[in-house]
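Structure first, then comments.
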Amino acid sequence: MSDGLEQLWAGWRHRYVTGATDAEREQAGGPGDGCVFCRLARSGPPAAENGVVWRGETCFSVLNAYPYANGHLLVLPLRHVDRLDELTAAESAELWSTTRDSAAAIEAAYRPDGLNVGANLGRAAGAGIPQHLHLHVLPRWSGDTNFMTAVAGVRVMPQSLSDSWSQLHAAWPDASGSPAR
Ligand SMILES: [Zn+2]
């Protein structure tokens, strides 16, 4: 990321108390206070303050503090595991149903042209916090391939994280009564 992009996000990072600093990312070696995702897992019920949009028995969906797009969600097991094959059957099932519902909420809230769903497993694959498994779910639009990043070193992020939270929380399938989980 360019210096310009870093600067654009500095204020939001400060306000988003659960966001990881670069130092925290380096320290995120084990479960507990050292892992920002474990802290999020213990941060209580869904609220704009913690960015958690939905929380289940074993998994949860939370706004990415460093979004590539408005509405960028992370889906994680509550438990500190770094590999897919460490998930229990129940965790695997709920990780996927939470991913499905995250995609549905993003589609309902943002009406994107498409979605990216994926995971970076391991630092070599691009994971910022490889120690705690997480899936990315984010909206995409035709022609949004980082045009501003390419030309100006910034991404246009007009929506605050709390606005994103409100929109996604309201659009979550559970909230609208459709079958979920
Ligand atoms: Zn963790």
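The table below lists the values:
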| quantity | calculated |
| --- | --- |
| Amide H contacts of residue 54 (H built 1.01 Å from N, under 5 Å, at least 5 apart or other chain) | 61 |
| Net lengthening on full extension, residue 66/residue 92 (0.36 nm per residue, minus Cα-Cα) | 6.9 nm |
| Interchain or long-range residues, amide H under 5 Å from residue 121's placed H | none |
| Residue-span extension gain [residue 84 to residue 162] - 0.36 nm each, minus C-alpha spacing | 25.1 nm |
| Note, ³J(HN,Hα) from phi for segment 48-64, Karplus 6.51, -1.76, 1.60, rounded to Hz, x at Gly and Pro | 4, 5, 9, x, 6, 8, 8, 9, x, 5, 10, 9, 8, 10, 9, 4, 6 |
| Length added when fully stretched, residue 48-residue 140, from 0.36 nm per residue minus Cα-Cα | 30.8 nm |
| Residues with amide H under 5 Å from that of residue 140, placed H, sequence gap 5 or more | 113, 114, 115, 116 |
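FYI, it's all coordinate maths here, none of it is from the lab. Remember, it's a predicted structure, so these values are computed and weren't measured experimentally.
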